[in-house]
Amino acid sequence: MGPQHPSTHGVFRMRVTFDGEVILDLEPIFGYLHRGIEKLAEHKTYLQNMPYTDRLDYLASMSNNMAYAMAVEKLAGIEVPERAEYIRVIMAELMRISSHLVGVGALFNDMGAFMTPFLYMYREREKLLDLFEMVCGQRLTYNYMRFGGVSHDIPEEFMPTLKRFIDEMPGFIDEYDQLLAENEIVLARSKGVGILPADKAINASVSGPVLRGSGVKWDLRKNNPYSIYDRFDFEIPTGSVGDVYDRYRVRVEEMRQSVRIVRQAMEQLPEGEVRTRVPTPLKPAPGEAYVCIEAPKGELGFYLVSDGSAKPYRFKIRAPSLINLTMLRDMVVGWKLADAIVTLGSIDICMGEVDR
Amino acid sequence: MTKPLSGAEIARQIGEQLSDAVTGSDETTVFVRSEDILNAARFLKENLDFDYLPSITAVDFLDHFDVIYHLRSIKNNYSVVLRTRCDNSGSPRVPSVVSLWQGADLQEREIYDLMGIYFEGHPNMKRIVLWEGYEGHPLRKDFIMDVPGGGKTT
């Protein structure tokens, strides 16, 4: 199947062996979108690499920006002003809502609810993209964060628009649930399908909603609070059996929690600087840093090695989408073709990140 | 908060079980001989509950490669870094840890593809993002790249 197939969420190929309609074996084949970002990054300065991170998981560019900025800040010992931390958290959580909207919408597409749920979700995503456009002028590749803060402060009209969105959003999530959560076809297609038990999920380094769907209460925002996440009150939703339905529910509940976090961050948002001055070009002292954050799709890590020059000596990306695919074969063997498509949809991959 | 365990303390515990395996340690990292990496990793997994392997990385330091394992325990919420060195002589080899953590599967294949370190004991050690027959390993520092418009660079 693939690489050009509507259900593969990009250019991803699965070599599947069937007996009739039952899957006997599956081998994922990667590399159709490989651009060599890790190698390219070794030839660019630290700041020049920021736009490359937009092009990893292009549905969650802000989160990628944030992880990379935090890694360089750790490497170079840069402080971030409080206001910038709040803006970052607001952006990262809005990004999570936006990414989950696409993930859930695409999952329903794969289930056969062609385009209708997808467009309901895109209605809200559009508003989010408008918000992002307001702060940085871009709708997909934001390049918004900088070492020591963000590129510029949020504009005046941003807060009222965000407030309206945050007030409306829980109602829209309820609307999706009324339409889909108890739908008989959805239940039939997703309950008990593509089960990933908790111990296997941990052993396979799976992260994000896929890990939590299997019932493992692990979220870096709670278990290793980075930035200012320890100041917010929110829950970690988990599933119970680790099937497609659990992963879908975890994403929906995470959207609600993200709304909660954004609301608290808006209330606490302090005045002040949004960026500390850093030398240009930035030359961190020789050393290395691994920083990981809870991106919408899982643990996104950057491992940077500096040799004291203006360019990173090694630029490694720990991509959640790639590693979450480790268990794809085990999840679908013995199931039918249509279940494999739904299972892949529920892992929610982004090929920009898988192949890099 | 994920607590980084002391590298020196872990090094002492590994050293008690596997003499000569440990070559050094610092605040968060244990340095292990490459041939002992599987045994050291098994010790950490079985005795210290390191059930989760978030990341494996390799770095080319010209005269040698470093392979770096970031390990974490979800059960106890602590972490440690395991690090090993292999010489840059022809084809460097390191034992695979797939038998302990399945999460190493795609990560080790990626390192083999891009950095050219062969993981012994991996069930499917072949290229992952580049195609079979591709020459060289791009993330190595001595890899020659074509530059658009002509010319070459490392």
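The values are calculated or read from the model by the stated rules, or taken from the named source; none is laboratory data. All values reported here derive from a predicted model rather than from experimental measurement. In this analysis, Cβ positions are derived from the backbone assuming ideal geometry, glycine residues included, and neighbour counts consider all displayed protein chains. Calculation scope for accessible area: heavy atoms of the full protein, side chains included, ligands and nucleic acids excluded. Shrake-Rupley method; radii C 1.70, N 1.55, O 1.52, S 1.80 Å.
Structure summary
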| item | result |
| --- | --- |
| 12 Å Cα-Cα reach of residue A:163 towards aspartates and glutamates, excluding residues that sit fewer than 8 places from it in its own chain | A:267 |
| Threshold 20 Å² - residues in region B:124-142 whose accessible area is reduced by that much or more when the chain is no longer isolated, probe 1.4 Å | B:126, B:128, B:129, B:138, B:139, B:141 |
| Loop GluC sites (Glu not before Pro), region A:223-318 (other Cβ atoms within 10 Å of the site Cβ: 12 or fewer; DSSP) | A:271 |
| Förster radius 25 Å - calculated FRET efficiency between residue B:153 and residue B:89 (Cβ-Cβ, nearest 0.05) | 0.55 |
| Dipole moment magnitude, nearest 20 debye, chain A about Cα centre, only Lys, Arg, Asp, Glu C-beta charged | 960 |
| Dipole axis of the protein assembly as shown (+1 Lys, Arg; -1 Asp, Glu on Cβ), positive-most option in B:86, A:152, A:281 | A:281 |
| Among beta bridges that DSSP assigns inside chain B, antiparallel share in %, nearest 5 | 70 |
| Cα-centred dipole magnitude for region A:1-137, charges only on beta-carbon of K, R (+1) and D, E (-1), debye, nearest 20 | 280 |
| Shielding score for A:201-210, defined as the mean number of other chain Cβ atoms within 10 Å | 5 |
| Spacing of the two label points (7 Å from each Cα toward its C-beta) at residue A:223 and residue A:268, in nm | 2.2 |
| Sites matching chymotrypsin sites (Phe, Trp or Tyr not before Pro) across region B:91-154 that sit in DSSP coil, with at most 12 neighbouring C-beta atoms within 10 Å | B:131, B:134 |
| Options B:99, A:48, A:338, ranked by Cα towards positive dipole end of the protein assembly as shown, top entry (Cβ charges) | A:48 |
| Sites residue A:35 and residue A:139, calculated FRET efficiency, Cβ-Cβ separation with R0 30 Å, nearest 0.05 | 0.90 |
| Cβ-derived FRET efficiency at R0 60 Å, residue A:191 paired with residue B:33, nearest 0.05 | 0.75 |
| Average projection area in nm² (convex hull over Cα atoms of region A:124-165, one quarter of hull surface) | 3.0 |
| Solvent-accessible area buried by pairing A with B, both sides, nearest 100 square angstrom, 1.4 angstrom probe | 3400 |
| Peptide B:52-64 - average C-beta neighbours from other chains (10 Å radius) | 5 |
| Residue among A:165, A:132, A:12 with the largest mean-square fluctuation in a Gaussian network model of chain A, springs linking Cα atoms under 10 Å | A:165 |
| Theoretical gain in end-to-end length, residue A:256 to residue A:310 [0.36 nm per residue, Cα-Cα removed] | 15.3 nm |
| Cα→Cβ-extended label distance, 7 Å offset, between residue A:199 and residue B:99, nm | 1.9 |
| Base-10 log of normalised Debye intensity for chain A (one unit scatterer per alpha-carbon) at q = 0.09, 0.12, 0.13, 0.14 Å⁻¹ | -0.48, -0.86, -1.00, -1.16 |
| Virtual spin-label span in nm between residue A:161 and residue A:338, 7 Å along Cα→Cβ | 4.2 |
| For residues of A:311-319, the mean tally of beta carbons on other chains within 10 Å | 4 |
| The protein assembly as shown - percent of accessible surface contributed by carbon and sulfur, probe 1.4 Å | 50 |
| Within straight-line cross-link reach of residue B:45, lysines at Cα separation under 25 Å, skipping those fewer than 8 residues along the same chain | A:200, A:217, A:222, A:316, B:3, B:75 |
| Solvent-accessible heavy-atom area per residue, rounded to whole Å², over region A:249-349 at 1.4 Å | 33 |
| Cα centroid separation, region B:123-154 to region B:15-91 (Å) | 27 |
| GluC sites (Glu not before Pro) lying in DSSP loop within region A:146-216, provided at most 10 other Cβ fall within 10 Å | A:156, A:157, A:182 |
